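The values are calculated or read from the model by the stated rules, or taken from the named source; none is laboratory data. Keep in mind that what you see is a predicted model, and the values were worked out from it rather than measured. Here the Cβ positions follow ideal geometry from the backbone for every residue, glycine too, while neighbour counts run over all protein chains shown.
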Amino acid sequence: MTINRSLSVEEHEKLVEKANDYVKKTSPEVQQDPHRLSFHIMAEAGWINDPNGLVFYNGEYHVFFQHHPYSADWGPMHWGHVKSKDLVHWEPQPIALAPNMEYDEGGCFSGSAVDNNGELTLIYTGHVDHKSPKEVQCVAVSQDGIAFSKLEENPVVSMPPAEGSEDFRDPKVWNEGGIWYMVVGTGKDNKGKAALYSSSDLREWEYVGIAAESDGTQGVMWECPDLFPIAHKHALLLSPMEMENTKTLYIVGDMDYDTGKFEQGFSQEIDFGFDFYAPQTLMDDQGRRIMIGWMDMWGEKMPSQEKDWAGSMTIPREVQLVEGQKLAFKPVEELKQLRGERHSFSNIQVMDNQEGYLEGLQGDTLEIRAQFDLSTATASEFGLKVRCSGDGQEETLVVYNPNTQQLYVDRDRSGIGNGGVKGGHHEVKDDRLHLHLFVDRSSVEVFADGGIMTMSNRIYPSPSSQGVDVFSREGKVNLQSLHAWTLKPMS
Ligand code: FRU
């Protein structure tokens with residue numbers, strides 16, 4: 001037994017080393033791709049999906065992620081790792097987990113991390129397709145935050161609960177009143193569910209019950225649940241499977257730790273873009289709740305795969321409870337450090353079918369803050385254009401329609417990725433629409449009116465398409481102010 005254990009530890013170390021070597025070897029070529037982002041978390045090479053193990057540990061932010069180091073396609077999942085002191089400058093770290101045990105040989109699936117008195121602890125799903133049950137919950141620990149070893153006690157949860165099914169994954173752990181709690185995503189009888197467990201030591205887990213489940217419209221399996229306190233409420237984030245067009249959902253509600261039940265209140269899609277999935281949050285030393293999502297989506301075209309990499313995270317967003325029951329998602333303040341040259345414009349009457357309003361402003365890494373006055377607007381639609389080519393062939397539009405109150409991104413002419421138009425309902429208050437954009441080489445993230453509505457999209461325009469403009473259709477609109485900054489790369 002002891003011999004087996006040390007053999008498996010050694011084997012894990014070797015697999016991690018092999019994966020690191022492979023990534024280092026392929027990385028230089030990957031960095032040549034002009035669609036590489038400049039201030040977002042990515043793998044150095046290979047595939048990534050969900051953010052995992054978001055944690056503030058020893059004064060630094062750590063983000064792990066689902067990673068297939070050996071190709072730009074999904075494959076046996078490893079955990080990649082980056083860390084940062086300021087949520088802006090991310091340093092690559094060695095791969096943390098590789099699949100090698102009989103309980104995780106199909107992949108170390110998504111999960112979370114906690115600081116257990118200085119021991120950085122990862123809680124993840126071991127996945128093996130041909131086994132029953134195929135998904136179990138496992139723990140790996142590290143004293144230095146770099147090298148992780150899997151516990152001998154694994155799996156720490158070896159069976160799904162009777163109320164769940166074999167789809168039983170993505171544990172998210174937090175501490176409340178000295179007790180560890182864990183939600184695990186599952187589903188049964190066409191209802192997504194979050195199963196709740198508790199523990200005093202992160203090793204022995206007791207099943208508490210189903211904390212929350214679909215009301216019949218909220219999807220058949222709840223991937224990546226994240227349940228956390230926010231102000232006087234709790235919020236549950238989910239990535240529900242088969243909930244029509246809704247890919248991610250937040251539910252604000254009340255958690256009763258005595259009964260283990262989360263009572264659902266207001267709920268809404270987290271992000272209305274094409275490329276946002278599996279978000280996870282952490283709480284930092286300033287008491288901020290910070291969320292990062294995977295800025296891609298299953299089934300989407302990913303042109304960077306031809307260049308041996310795929311996947312990026314969103315910028316970190318601070319989550320706040322607003323209007324008593326809604327969540328707002330705001331770019332973290334620290335991102336201001338990236339600001340370079342500034343361009344400002346004010347009081348521009350934007351007329352139907354005219355262009356060239358923002359002289360001198362261009363770029364493929366930009367932050368833009370624009371405020372429109374709707375009180376005198378006659379336009380049927382208006383908005384911002386970014387990544388425009390000189391010949392008018394390429395452009396990505398952020399559009400508001402005041403009549404239908406739809407805010408959306410139109411990427412039908414955004415380049416070589418998938419096109420399409422996607423957005424959602426957004427009610428403008430006091431006739432002022434504020435749009436805050438982060439543009440980074442192959443992405444556009446939009447935050448409207450203090451992050452009450454957000455849209456994250458990947459786009460793949462030609463590197464030379466760098467124009468920015470405002471536009472109006474069938475009427476005029478007043479652009480009260482626009483401030484833009486070119487953004488410096490994170491390294
Ligand atoms: C979500 C997800 C998780 C799973 C992981 C596997 O995108 O399907 O449920 O743990 O990806 O990579």
### Message
When the residues of segment 43-56 are narrowed to those that are in a strand (DSSP E or B) and away from the ligand (no atom under 16 Å from the Cβ), which ends up surrounded by the most Cβ atoms within 10 Å (Cβ to Cβ)?
### Response
Val55
### Task
Hey, can you tell me all the residues within segment 137-153 that are part of a strand (DSSP E or B) and crowded, with 22+ Cβ neighbours inside 10 Å?
Gln137, Cys138, Val139, Ala140, Lys150
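For every residue, the table says whether it meets (1) within 30 Å of Gln268 (Cα to Cα); (2) among the aromatic types (Phe, Trp, Tyr).
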residue: Gly324; (1), (2): yes, no
residue: Val332; (1), (2): yes, no
residue: Gln354; (1), (2): no, no
residue: Tyr357; (1), (2): no, yes
residue: Gln362; (1), (2): no, no
residue: Glu367; (1), (2): yes, no
residue: Ala370; (1), (2): yes, no
### Task
Taking the options Asp271, Asp254, Asp284, name whichever one is touching a residue at least 60 places away in the same chain (Cβ under 8 Å) and surrounded by fewer than 20 Cβ atoms within 10 Å (Cβ to Cβ).
Asp284
### Message
Quick test for you: out of Ala370, Ala278, Ala377, Ala328, pick the one residue that is in contact with a Cys (Cβ under 6 Å, 6 or more places away or on another chain), in contact (Cβ under 8 Å) with a residue 24 or more places away in the chain and not polar (S, T, N, Q).
### Response
Ala278
## Note on the structure
A careful count of residues in segment 407-450 that are touching a strand residue (DSSP E or B) at 6+ places or on another chain (Cβ under 8 Å), among the hydrophobic types (A, V, I, L, M, F, W, C) and closer than 20 Å to Lys301 by Cα gives 4
#### Entry: Count - residues of segment 452-464 that are in a loop (DSSP other than H, G, I, E, B) and over 16 Å from Asp33 (Cβ atoms)
1
### Message
Suppose we filter segment 273-312 for residues that are more than 13 Å from the ligand (Cβ to nearest atom) and either aliphatic (A, V, I, L, M) or on the phi > 0 side of the Ramachandran plot (or both); how many remain?
### Response
8
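One line per residue, one yes/no per condition, for (1) free of Cβ contacts under 8 Å to residues at least 12 places away in the same chain; (2) more than 15 Å from the ligand (Cβ to nearest atom); (3) farther than 29 Å from Pro92 by Cα; (4) not aromatic (Phe, Trp, Tyr):
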site: Glu135; (1), (2), (3), (4): no, no, no, yes
site: Val139; (1), (2), (3), (4): no, yes, no, yes
site: Ser142; (1), (2), (3), (4): no, yes, no, yes
site: Ser149; (1), (2), (3), (4): no, yes, no, yes
site: Glu153; (1), (2), (3), (4): no, yes, yes, yes
site: Glu163; (1), (2), (3), (4): no, yes, yes, yes
site: Asp167; (1), (2), (3), (4): no, no, yes, yes
site: Ile179; (1), (2), (3), (4): no, yes, yes, yes
### Message
Looking at Ser27, Ser38 in this structure, which one is assigned to a helix (DSSP H, G or I) and over 30 Å from Glu153 (Cβ atoms)?
### Response
Ser27
### Message
Report every pair of residues separated by at least 6 positions or lying on different chains whose Cβ atoms are under 9 Å apart, first residue within segment 386-397 and modelled with pLDDT of 95 or more, second polar (S, T, N, Q) and assigned to a strand (DSSP E or B).
### Response
Val386/Thr396; Arg387/Thr396; Cys388/Gln362; Cys388/Thr396; Thr396/Asn457
